[in-house]
Amino acid sequence: MEGEVSKSHHHSSILAIAGPDFCIVAADTRQSSGYLINCRTAPKAYKLTNSAVLATSGFHADGAEFYRVLATKIKMYRYKHERDMDIALIAQASAIQLYSRRFFPYYTFNVLGGIDAEGRGAVYSYDPVGSFEREPFRAGGSAAALIQPFLDNQLGKDSSGNQRILTQEKAIAVARDAFDAATERDIYTGDNLDVWVINAHGASMERFPLKRD
């Protein structure tokens with residue numbers, strides 16, 4: 001139809017895990033349309049501050065634009081208040097920005113991870129028009145149906161109803177195992193895995209190889 005705007009689902013998989021004093025945000029780097037791989041090194045997780053990282057899945061250009069707008073809001077806040085937004089403020093600002101575009105929404109599904117004012121890990125998941133909630137962990141993207149049950153099994157309460165003790169090393173291992181398994185079943189996930197670790201020392205990223213075929 002003339003004048004119609006078409007947005008492709010570039011696929012991708014993302015997750016975030018909140019720990020007692022850390023947060024893990026992970027995303028693969030494959031960008032694809034159908035059976036065509038457009039790029040093998042496309043970032044999906046973006047550092048916002050030393051205590052917050054945003055991961056996006058869906059239409060890649062919309063995800064990059066949403067990050068750019070949010071980063072600008074954070075920068076303006078820093079200039080005005082001489083400090084960074086905390087994760088709760090970033091979560092609210094993200095929801096407001098997504099809702100402001102509700103009549104022509106970003107074609108993205110976002111997960112925000114970081115450290116809250118009390119030093120605890122925090123994960124917020126969003127729908128495309130800004131509805132959000134805080135969760136202990138969340139997967140999104142093309143392999144979400146594969147990864148989320150694995151996270152529930154590995155990180156949820158045990159058979160006795162007790163919450164499992166989660167360390168930073170365990171969270172990273174679970175994230176890597178989840179993506180390694182997802183690449184065996186989801187053709188849209190692969191190439192590399194960017195794992196962001198956010199803790200009291202700041203935010204740092206390490207890249208791990210994934211299945212490439």
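Of note, Leu112 satisfies the criterion of being closer than 23 Å to Pro20 by Cβ, outside any loop (DSSP other than H, G, I, E, B) and touching a helix residue (DSSP H, G or I) at 6+ places or on another chain (Cβ under 8 Å). With respect to Leu48, determine if the residue is farther than 18 Å from His11 by Cβ, touching a residue at least 12 places away in the same chain (Cβ under 8 Å) and outside any helix (DSSP H, G or I). Answer is yes for this residue.
Screening Arg102 with (1) in contact with a strand residue (DSSP E or B) (Cβ under 9 Å, 6 or more places away or on another chain); (2) of a type in the set (Lys, Arg); (3) exposed (fewer than 15 other Cβ atoms within 10 Å of the Cβ) gives one miss only, at (1). Screening Glu65 on (1) in a loop (DSSP other than H, G, I, E, B); (2) touching a residue at least 12 places away in the same chain (Cβ under 8 Å); (3) out of contact with any Ser or Thr (no Cβ under 7 Å at 6 or more places or on another chain) shows it passes everything except condition (1). Number of residues in the stretch 77-109 that are in contact (Cβ under 8 Å) with a residue 12 or more places away in the chain, under 26 Å from Asn199 (Cα atoms) and part of a loop (DSSP other than H, G, I, E, B) equals 3. Kindly indicate whether any position in the stretch 186-199 is surrounded by fewer than 21 Cβ atoms within 10 Å (Cβ to Cβ) and under 13 Å from Ala143 (Cα atoms). Checked against the condition, which is being surrounded by fewer than 21 Cβ atoms within 10 Å (Cβ to Cβ) and under 13 Å from Ala143 (Cα atoms), the stretch 186-199 yields at least one hit.
From Arg176, Arg164, which residue is among the basic types (Lys, Arg) and either modelled with pLDDT of 95 or more or touching a Ser or Thr at 6+ places or on another chain (Cβ under 9 Å) (or both)? Give the steps one after another, and end with the answer.
Working: Arg164 fails: either modelled with pLDDT of 95 or more or touching a Ser or Thr at 6+ places or on another chain (Cβ under 9 Å) (or both).
After applying the criteria, what remains is Arg176.
Taken over the stretch 152-173, the criterion of being assigned to a helix (DSSP H, G or I) and either over 15 Å from the mean Cα position of the chain (by Cα) or surrounded by fewer than 22 Cβ atoms within 10 Å (Cβ to Cβ) (or both) is satisfied by Asp152, Asn153, Gln154, Leu155, Gln168, Glu169, Lys170, Ile172, Ala173.
The values are calculated or read from the model by the stated rules, or taken from the named source; none is laboratory data. Since the model is a prediction, treat every value here as computed from it, not as a measurement. Please note: Cβ atoms are built from the backbone with ideal geometry, for glycine as well, and neighbour counts cover all protein chains shown.
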